[in-house]
Amino acid sequence: MNWVIGIALVLALVIVPFGLYVRLAPSDPDTWHAMPEAITERDLAGGAMRVVGAGEDGLARLDAIIRAEPRTRVLAGSLEDGKITYVTRSQLWGFPDYTTMRLSDKQIELYSRLRFGQSDMDVNAERLDRWLSQFAQR
């Protein structure tokens with residue numbers, strides 16, 4: 001029975017600090033409010049990139065869709081700047097994913113990526129595709 005308590009104690013000493021770090025680590029806008037010069041339609045190991053025609057008032061319409069996503073907030077930027085970065089946190093652990101959206105000519109470029117780990121199991125690509133599906137319906 002003592003070994004069960006020992007294992008539980010060790011797990012608690014590892015899992016609790018990790019969970020707190022993931023939830024409380026600051027998100028530096030200077031680091032995350034950025035994106036590559038060229039955005040192309042592709043999935044990445046830890047994120048995704050998408051490009052869509054802006055259309056009439058497209059940036060504002062897509063911004064409204066993104067802001068309606070649960071556990072999502074603006075980290076930096078604004079519609080007036082033509083570039084906004086959002087933080088979306090996972091439900092269980094609160095892992096942050098960062099999505100930067102910018103208006104480039106008459107297109108909206110999106111770059112979504114994870115902060116922790118190597119692979120996001122396509123979570124960012126699926127989120128972008130869901131947002132763009134809603135965008136196409138409006």
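The values are calculated or read from the model by the stated rules, or taken from the named source; none is laboratory data. Please read all numbers here as calculations on a predicted model, not as lab measurements. Cβ placement follows ideal geometry from the backbone for every residue including glycine, while neighbour counts extend to all protein chains displayed.
Out of all the residues in segment 31-42, is one or more in contact with a helix residue (DSSP H, G or I) (Cβ under 8 Å, 6 or more places away or on another chain), surrounded by fewer than 18 Cβ atoms within 10 Å (Cβ to Cβ) and more than 23 Å from S133 (Cβ to Cβ)? Steps first, answer last, please.
Step one: list which residues in segment 31-42 are in contact with a helix residue (DSSP H, G or I) (Cβ under 8 Å, 6 or more places away or on another chain), which gives none.
Checked segment 31-42: no residue is in contact with a helix residue (DSSP H, G or I) (Cβ under 8 Å, 6 or more places away or on another chain), surrounded by fewer than 18 Cβ atoms within 10 Å (Cβ to Cβ) and more than 23 Å from S133 (Cβ to Cβ).
Do we find a residue being modelled with pLDDT under 95 and of a type in the set (A, V, I, L, M) anywhere in segment 87-94? Working first, answer last.
In the first step, residues of segment 87-94 are kept if they are modelled with pLDDT under 95; the result is 90-94.
Among the residues that remain, those that are also of a type in the set (A, V, I, L, M) are: 92.
Looking through segment 87-94, at least one residue is modelled with pLDDT under 95 and of a type in the set (A, V, I, L, M).
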The one condition A54 fails out of (1) more than 16 Å from the chain's Cα centre (by Cα); (2) free of Cβ contacts under 8 Å to residues at least 24 places away in the same chain; (3) under 23 Å from Y86 (Cα atoms) is (2)
Quickly run through segment 57-88 and pick out the residues that are farther than 13 Å from R102 by Cβ, assigned to a strand (DSSP E or B) and in contact (Cβ under 8 Å) with a residue 40 or more places away in the chain. L75, V87
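Pick out the one residue from A8, A48 that is surrounded by 10 or more Cβ atoms within 10 Å (Cβ to Cβ), modelled with pLDDT of 95 or more and either over 12 Å from the mean Cα position of the chain (by Cα) or not in a loop (DSSP other than H, G, I, E, B) (or both).
Working: A8 fails: modelled with pLDDT of 95 or more.
The conditions single out A48.
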Determine whether segment 17-26 contains at least one residue that is modelled with pLDDT of 95 or more and either outside any helix (DSSP H, G or I) or among the hydroxyl-bearing types (S, T, Y) (or both). no
Matching residues in segment 87-106 (more than 10 Å from the chain's Cα centre (by Cα), crowded, with 16+ Cβ neighbours inside 10 Å and farther than 13 Å from M49 by Cα) number 1
Quick one: P26 ticks every box in (1) surrounded by fewer than 10 Cβ atoms within 10 Å (Cβ to Cβ); (2) in contact with an Asp or Glu (Cβ under 6 Å, 6 or more places away or on another chain) except a single one, so which number is it? (2)
